[in-house]
Amino acid sequence: MSNSTTENINPVSDNTLQGNVFLQQLVTCLPMGAMVVSTDARILFVNDTLSEILGYSSEDLLGEDIDFLLPIEFQANHKKLMMQFFSQPRKRQMGVGQALYARKKNGEHIPIEIGLNPIQQEGKTFVLATLIDLTTRQRASNMLKRSIQDAPHGVLVVDSNGIIHLTNSALCESFGYTSEELIGQSMDILLPQRYRKHHDHLRHSFHQSPTPRMMGVGRDLTALHKDGREFPVEIGLSPFEDEEGNDMVLVSLLDITPRKRMELELRETNTNLEEFTYVASHDLRSPLRGIADLLEWVKEDLGPEALPDVTRNLSRIEVRIQRMEQLIDNLLTYARAGKVDASTQEIHVSTLLDNISELIVIPEGITISRDIQLENFTSVWTPLETVMRNLISNAIKHHDKEIGTIDITCKAENNFCHFTICDDGPGIPEAAFTRIFRLFQTVTSSERSGTGIGLSVSRRLVETYGGRISVEANKHQRGVTFHVWWPRFLRKDTHD
């Protein structure tokens, strides 16, 4: 201990000296930074924790004025505050509600929390000052604030009374407010009027047993935009305590307006498709059957003596009826292709291709080669087989030479099983690459052998199960290559 320190509390008896030893032991044992300060703001004792926090040795601190531990801008007013404290010494937290900083030996300013505890000894008053370095806590707090601010969805922090303490830009954008307009306001400002009275009861019930939860599961929840319009939302609640032990709630809010619009459009599309399927399978097929029956009766009435021109025209009518029935079947096939089959199984790619080879006619001059690098994965069998069969059949059917090669590959690519079907046939004009996947589209208007349904069904099946399909011209030979990316892992959004 330095001489200056000894003079400040110069003991007049052995009991006083023993008391100083007790103070020193007390300060040493405290788990946080601590020091004993005299009424003239001189540091009498410090513990090792305080020295580590501030970067000074105890010799650097003993006997010094406490002001030199403060940032320069706070030093001028500190003497006055110390005098006010010693005029009415009491246990207290220093600087509640405002930021406090200490100056380390290297000049760095660190956020701190200070507790003041007056001590009476031999008629003299001392202060036991405890100091906690808040750097780690503040870093965590800043990280939380940055995470909230950078979140891609709306986030706000509210207290147990529903007062907003923090928002992020995504939430402000969703509601049309600025952050300044929301901070300090009741979150009722974001609720439609009809929800507000009941919301107080729900908030109190939540704080009695706070647990993370989704709010309003299965309900159509809406929030109130600044312009008075409501919009659908999904809300998550996460309770936590702030730095001062206050009960707070982190509210995550997602504007699901785009999703609701898509769901509505999808429902309308599916409804229209179901209505069309019913009309096609009943209202269109029945009249065709009736016309076909009438045609048979006419042919029977005319008998074998009918004029050649009449017989030829009757045959043409019969062909058109058959084409119309085939058209209806194709439309029904396309409509059913959008329905998800939830029955999954282990796919053995070689076995799947073997099955396809047994179902289609492969001319003697056509060679099919395989390069299977991914043999097994779990998925739905029938839709995948339908897609591959359509693509392989097309490659065979549209080949313009007696001798040709079709190369089939299968390999893992990220989350997908990547199939390629490469042929050396006449190819497809690049301008038709997009059009061929549309319903009833063929490569040329003069092409009569195809119905224009196979590729559109394939595209619909692939996209229904979360994959994609494309076609490109071959670079080093004639023909085209079809690519199919089929998911090789089960997903809840496509396999439930």
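General remarks:
- Over the stretch 96-203, the Kirkwood radius and the radius of gyration, each from Cα atoms, give a ratio Rg/Rh of 1.18.
- FRET efficiency for Thr257 and Arg194, using Cβ-Cβ distance with R0 set to 25 Å, rounded to 0.05: 0.80
- Here the gap between Glu234 and Asp400, fully extended at 0.36 nm per residue and compared with their Cα-Cα distance, gives a gain of 54.1 nm.
- Rounded to two decimals, the Cα radius of gyration of the stretch 265-423 over 2.2 N^0.38 Å is 1.47.
- Gyration tensor verdict on the chain (Cα atoms; rounded if a/c is under 1.5, prolate if a/b is larger than b/c, oblate otherwise): prolate
- Each residue, Arg370 and Thr211, gets one label point 7 Å from its Cα in the Cβ direction; the gap between the two is 5.2 nm.
- In this structure, the residue pairs whose Cα-Cα separation is over 32 Å, taken from Lys197/Lys260; Lys299/Lys397; Lys260/Lys397, are Lys299/Lys397; Lys260/Lys397.
- Theoretical ellipticity at 222 nm over the chain - DSSP helices of four or more residues, -39500 (n - 2.57) apiece, nearest 500: -13000 deg cm²/dmol
- A convex hull fitted to the Cα coordinates of the stretch 362-434 yields 115 cubic angstrom per residue.
- Shape call, the stretch 138-255: gyration tensor on alpha carbons, a/c limit 1.5: oblate
- Within straight-line cross-link reach of Lys91, aspartates and glutamates at Cα separation under 17 Å, skipping those fewer than 8 residues along the same chain: Glu113
- Most positive-pole-ward Cα, Ile360, Phe240, Ile183, against dipole of the chain from beta carbon charges: Ile183
- Size descriptors for the stretch 261-336: radius of gyration and Dmax over Cα atoms are 18.1, 64 Å.
- Over the chain, relative contact order from alpha-carbon pairs under 8 Å, at least 6 apart, %: 7
- Whole-Å semi-axes of the ellipsoid equivalent to the stretch 142-195 (Cα gyration tensor, √5λ, descending): 19, 13, 9
- Cα pair count fraction exceeding 17 Å, expressed as % - the stretch 23-146: 57
- Of the three principal axes defined by the Cα atoms of the stretch 345-495, the extents in descending order read 44, 31, 29 Å.
- Using the Cβ of Ser51 as centre and a radius below 10 Å, the other residues enclosed give a net charge of -3, where K and R count +1 and D and E count -1.
- FRET efficiency for Glu265 and Leu295, using Cβ-Cβ distance with R0 set to 41 Å, rounded to 0.05: 0.45
- For Glu413, residues with placed amide H under 5 Å, excluding near neighbours: His418
No lab work stands behind these numbers, since they all come straight from the coordinates. In this text the structure is predicted, and so the values were computed from the model without any measurement. Note: ideal-geometry Cβ built from the backbone for every residue, glycine included; neighbour counts use all protein chains shown.
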